[in-house]
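This report refers to the structure that appears directly beneath it.
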Amino acid sequence: MRAWWILPNRDQRDDILASDGNIILPLREVLDPRLRPEGFSHGVPAELIQQCGPKGVGDILFAQKFPHWDGNKQLFCISTPAGADSSGRIVHLGQLFILEPQEHPRFDQPCGALSGEDQAYARALIQRMNSREPHDSWVRSVRELAELPPGGGPTTNVALHRSAVRFDSLYEAGPAGLTRKSRFPRNMSLAAIALIILLAGAWLYQHGCRQTSRPTAGSGGMIWLLS
């Protein structure tokens, strides 16, 4: 496992910075922009902030999982709001993980190279991710995403409806918190619907053509009724 912090862009620099806890360097040296998967976000999407409202912003944890990235590796990223810059714009702290097959992210990364302000947010995130607080649905959603077996496409812990990239997701976010979605991935849901339709058609064919007979007046013939 390789892991880096993605630092808050408090000075609105052209370069986003990253750190392994010991040194600071541009994020592009850690994650080549040419290999950056479509839909990758190094912060919390504005859509999610709007969904949760002002009171819920501080709780947000946004996670993405890109299986089969750069061969058989996985790219996993988690972001959370980390205060605001001098203009009042929300900035974000992230953790980026490059995982080998069967690896899961460990939330125990050193943060000594970060500024004092960023260290406070980094330590709070580490403590939160390792606390096992049963009522923290955001942490639970990130852990569920991390433990999912690699699938066919990118997945997020919460749904994005305005993203240009189609993600599978585990939860819906709103002012009241998170709501668990169906456990079935999108492709499995479509297959289940198709199977139900086929079974319903077979049942109607077998039972809808049941033959009922009764004698007709003045003849020994029969009429066939469909029920």
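Computed from the coordinates by the stated procedures, all read-outs in this text should not be read as laboratory data. Since we're looking at a predicted model, the values are computed, not measured.
Working from the alpha-carbon coordinates of the range 37-173, get Rg over Rh, Rh being the Kirkwood radius.
0.94
Where does the range 24-111 land on Rg/Rh, using Cα atoms and the Kirkwood Rh?
Radius of gyration over Kirkwood radius for the range 24-111 works out to 0.99.
Express in nm, to one decimal, how much length is gained between LEU199 and GLN50 on full extension, taking 0.36 nm for each residue of separation and deducting their alpha carbon distance.
49.4 nm
Translational diffusion coefficient of the range 1-43 at 10 °C, 1.306 mPa s, Stokes-Einstein with Kirkwood Rh over Cα pairs, in µm²/s as a whole number.
Estimated diffusion coefficient is 143 µm²/s.
Send over the semi-axes of the range 135-185's equivalent ellipsoid, whole angstrom and largest first, taken as the square roots of 5 times the C-alpha gyration tensor eigenvalues.
One finds semi-axes of 17, 15, 9 Å for the range 135-185.
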